[in-house]
Structure formats: C-alpha cells, structure tokens
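S.K.: One structure coming up, written as structure tokens, with questions to follow.
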Amino acid sequence: MRLTSSAFADGGLIPARYTCDGDNINPPLEIAGVPAATVSLVLIMDDPDVPKSARPDGMWDHWLIFNMPPTLTRIEENQEPPGDQGTGTAGNRQYHGPCPPDREHRYFFKLYALDCRLALPAGAAKPGIEAAMAGHILAMAELMGRYDRPRR
C-alpha cells in the first residue's frame with residue numbers, strides 16, 4: 001500500500017499553504033495498493049517532535065479519520081474524506097495543520113487498511129482508535145513531511 005502527495009515528497013518540506021502560517025488546509029493525498037480484503041481505512045496525522053514541556057509524551061495528533069471506505073484512492077486538497085472524524089490533541093475534529101512552536105518538526109501521515117470497521121463513536125481519540133485497530137491491520141503506509149515556521 002502507498003500514500004503519496006502531489007504537494008510534497010516523502011521526507012520533504014510541507015508547503016506553508018497546508019500549515020497554520022498559510023491556509024491551514026489539508027494537502028492532497030493519493031492512496032494506492034489497498035489490499036482486496038480491506039473493509040475500512042484509517043488515517044492518522046501526528047507530530048512526534050513536540051517539546052516535552054508542552055506535552056510529556058512529545059506527541060501531537062493533528063488529524064484522525066477512521067472508517068473511511070476501502071475504495072478511496074484520493075483525498076482532495078481542502079476536503080475532509082468520507083469517514084468518522086476523530087478528536088485531535090487541540091480538540092479538533094478536522095485537519096489541523098503543522099504549527100511547530102520551536103523548530104522543524106516531522107509530520108507523519110499514516111494510513112492503515114483494516115479487516116473491519118471500527119465500532120467507535122465519532123470523536124474518538126487516537127488511543128481508542130489504535131486500541132480498536134489492534135489485530136485488524138492488513139497493511140500500513142506512511143508519508144512524512146517536515147515543517148519549520150518562518151522566524152519573525
């Protein structure tokens with residue numbers, strides 16, 4: 001399975017348009033190679049580079065969507081895909097773009113193919129989503145982008 005974007009390469013810089021310094025909209029994402037047995041897809045975007053003084057676990061969850069259809073091949077720019085929205089660290093239930101407070105951070109877009117739908121309410125947080133996914137992951141793809149805010 002593959003997850004790519006026409007906006008940035010894996011390991012590349014995320015354009016400011018998709019951050020708090022720009023339009024704060026989601027980048028376009030392309031999905032390929034979903035296993036035939038897939039029942040649902042999950043997308044998690046997180047940042048593991050948060051200062052420990054801000055978050056003891058060093059993690060910030062930016063975007064959580066579960067129970068997306070397995071036929072999904074593209075998430076358009078500035079459009080939430082079909083599925084159930086989870087709740088991110090900021091209390092958001094939609095895309096929350098990169099906004100690092102201190103230095104360049106890495107942002108991981110993780111796509112999971114599951115053999116089931118998750119029996120979770122909309123608004124579930126990442127720990128519940130990850131617990132429900134355990135034992136049901138058929139494939140996983142990852143796209144990482146980097147961003148550092150302009151210094152003023």
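Read-outs: derived from the displayed coordinates by stated rules, not from any lab. Remember, it's a predicted structure, so these values are computed and weren't measured experimentally. Backbone-built Cβ (ideal geometry, glycine too); neighbour counts: all protein chains shown.
S.K.: Please identify, among Arg106, Arg55, Arg74, the residue showing maximal mean-square fluctuation in a Gaussian network model of the chain using a 10 angstrom Cα cutoff.
M.R.: Answer for the Gaussian network model of the chain: Arg55.
S.K.: Still on this structure, please answer the following. Quick one: 3J(HN,Hα) in Hz for region 15-30, Karplus 6.51/-1.76/1.60 with θ = phi - 60°, rounded, Gly and Pro as x.
M.R.: Going residue by residue, I get x, 4, 3, 9, 10, 5, 8, x, 8, 6, 10, 6, x, x, 10, 10 Hz, with x marking Gly and Pro.
S.K.: Moving on to the next point. What number does region 2-147 give for Rg over Rh if you use C-alpha atoms and the Kirkwood radius? Before the final figure, lay out each step's value.
M.R.: Numbers: Rg = 14.4 Å, Rh = 15.3 Å.
Result for region 2-147 is an Rg/Rh of 0.94.
S.K.: Return the FRET efficiency for the residue pair Ala36, Ala122: r is the Cβ-Cβ distance, R0 is 30 Å, and the value is rounded to the nearest 0.05. Before the final figure, lay out each step's value.
M.R.: Working: r = 27 Å, r/R0 = 0.91.
Calculated value: 0.65.
S.K.: Next question, about the same structure. Highest GNM mean-square fluctuation, the chain, Cα pairs closer than 10 Å: which of Lys110, Lys52, Lys126?
M.R.: The residue with the greatest mean-square fluctuation here is Lys52.
S.K.: How large is the helix-only mean residue ellipticity at 222 nm for the chain, computed as the sum of -39500 (n - 2.57) over DSSP H runs with n ≥ 4, divided by its residue count, in deg cm²/dmol to the nearest 500?
M.R.: Values: 1 runs with 8 residues, N = 152.
-1500 deg cm²/dmol, from helical runs alone.
S.K.: Karplus couplings for region 112-119 from phi (6.51 cos²θ - 1.76 cosθ + 1.60, θ = phi - 60°), rounded to Hz, Gly and Pro as x?
M.R.: Per residue, the Karplus-derived 3J(HN,Hα) values read 10, 9, 10, 8, 7, 8, 8, 8 Hz.
S.K.: If we count every other residue with Cβ under 11 angstrom of Ala122's Cβ, Lys/Arg +1 and Asp/Glu -1, where does the sum land? Intermediate results must be reported in sequence, preceding the final value.
M.R.: Numbers: positive: Arg93; negative: Asp84.
Net charge around Ala122: 0.
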